[in-house]
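K.L.:
Dropping a structure here in structure tokens format, bear with me for questions.
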Amino acid sequence: MDQVNGSLVTEFVLLGLAQSLGMKIFLFVFFSLFYVGIILGNLFIILTVIFDSYLHSPMYILLANLSLIDVGLSSTTVPRMISDLFSGCKIISFHNCMIQMFFIHVMGGVEMVLLIAMAFDRYTAICKPLHYLTTMNTKTCMLLVVTAWIIGVIHAVSQFVFVINLPFCGPNNVGSFYCDFPRVIKLACMDTYRLEFVVTANSGFISMGTFFFLIVSYIFILATVRQHSSKDLSKAFVTLSAHITVLVLFFTPCMFLYVWPFPTKSMDKFFAIVDFVITPVLNPAIYTLRNRDMKVAMGRLSRQVVSARDIP
């Protein structure tokens, strides 16, 4: 990827997460443990869904794809955050900065569509159970997954093609500990007002619209359950409240970072840690480890692995 846009900047300076040695050690342990948990937890879920035929249903296929996205989204930033903690000069090359931004938005776009697909799956299962097998069959599920990836790529490319061609010839301090479109655009040697609006509309307004659409859909599901059976309302509320928790944790940082794209540095750190570290850990716990069928399947897979290891 040659710089054909006339930029003089070949690297960007990232912001440090901590100054004191004690805080750096704490963050190193915190990020390392959480990242290992993200990788192992989500990969175990993916493998369980792949190898357990009882889980080859739309609900679990979507959950496995969500776990895959969580691994990818976390991996775009967390390893870099860990390695930069004890680095004196936090430099990222122009190319690596562009690649990081691109994949953050691909993964983020895919996750948004997957969350919509999962809400549609729950709506169909709870509100239209007699039509579930015909509406949410394997073909429909795979179509939703492919659509999610296509929309994620379009979402990232629609911003990336403008940013990659911007002239960067002056300051190169990103003002954050990872590269993202709103902050990098500010460093361009030209008036970027219109482009900033495009990014705000593309990432911020879409995040807000998706969030409120999902919240309304879950409220509608609860209202439908209440009409049919007040006895099942508490069970549905417990399940859907966990899903809503994930929505709040995922979308709140997105809305603040893109609708209000320049929060204080402390807020920026908090939002990034929630999106890239906390949410990918909570997704497996909320969506799968609370699920009885998933826990039974994980037990079966664990026993198969132990049995295969004991065979001489």
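The values are calculated or read from the model by the stated rules, or taken from the named source; none is laboratory data. Just so you know, these numbers come straight off a predicted model, no measurement behind them. A quick note on method: Cβ atoms are made from the backbone with ideal geometry, for glycine too, and the neighbour counts reach across all protein chains shown. These accessible areas exclude ligands, DNA and RNA; they are computed on the full protein's heavy atoms, side chains included. Shrake-Rupley method; radii C 1.70, N 1.55, O 1.52, S 1.80 Å.
K.L.:
Could you list, in sequence order, the residues of region 211-259 that are within 21 Å of the chain's Cα centre (by Cα) and at pLDDT below 70?
P.N.:
Result: T239, single match.
K.L.:
Among the residues of region 24-45, are any under 22 Å from F251 (Cβ atoms), at pLDDT 90 or above and part of a loop (DSSP other than H, G, I, E, B)?
P.N.:
No, because not a single residue in region 24-45 is under 22 Å from F251 (Cβ atoms), at pLDDT 90 or above and part of a loop (DSSP other than H, G, I, E, B).
K.L.:
Still on this structure, please answer the following. Under the condition of being surrounded by 23 or more Cβ atoms within 10 Å (Cβ to Cβ) and in contact with a Ser or Thr (Cβ under 7 Å, 6 or more places away or on another chain), which residue from region 29-54 is farthest from M98 (Cα to Cα)?
P.N.:
Looking at the filtered set, the residue picked out is I45.
K.L.:
Under 8 Å between Cβ atoms, at least 6 apart or on separate chains: pull out the pairs that start in region 195-206 with a residue that is within 14 Å of G109 (Cβ to Cβ) and end on any residue that is open to solvent by 30 Å² or more (accessible area, probe 1.4 Å) and polar (S, T, N, Q).
P.N.:
Once the first residue is within 14 Å of G109 (Cβ to Cβ) and sits in region 195-206, its partners that are open to solvent by 30 Å² or more (accessible area, probe 1.4 Å) and polar (S, T, N, Q) give N202/S158.
K.L.:
Follow-up. What number of residues in region 72-109 are open to solvent by 20 Å² or more (accessible area, probe 1.4 Å), in a helix (DSSP H, G or I) and of a type in the set (V, I, T)?
P.N.:
Adding up the residues that qualify gives 2.
K.L.:
Oh, and also: Pairs only if they're at least six apart or on different chains, beta carbon under 6 angstrom, first in region 267-278 and among the hydroxyl-bearing types (S, T, Y), second open to solvent by 20 Å² or more (accessible area, probe 1.4 Å); list them, first residue then second.
P.N.:
Partner pairs satisfying both residue conditions: none exist.
K.L.:
So which residues in region 113-142 are open to solvent by less than 20 Å² (accessible area, probe 1.4 Å) and under 22 Å from the mean Cα position of the chain (by Cα), if there are any at all?
P.N.:
Once the filter is applied, which keeps residues that are open to solvent by less than 20 Å² (accessible area, probe 1.4 Å) and under 22 Å from the mean Cα position of the chain (by Cα), region 113-142 yields L114, L115, A117, M118, A119, D121, C141.
K.L.:
Residues of region 174-212 being touching a helix residue (DSSP H, G or I) at 6+ places or on another chain (Cβ under 6 Å) and open to solvent by 50 Å² or more (accessible area, probe 1.4 Å), which ones?
P.N.:
M208
K.L.:
Could I ask something else about it? Which of the residues that make up region 58-88 are over 14 Å from the mean Cα position of the chain (by Cα) and free of Cβ contacts under 8 Å to residues at least 24 places away in the same chain?
P.N.:
Scanning region 58-88 gives S83, S87, G88.
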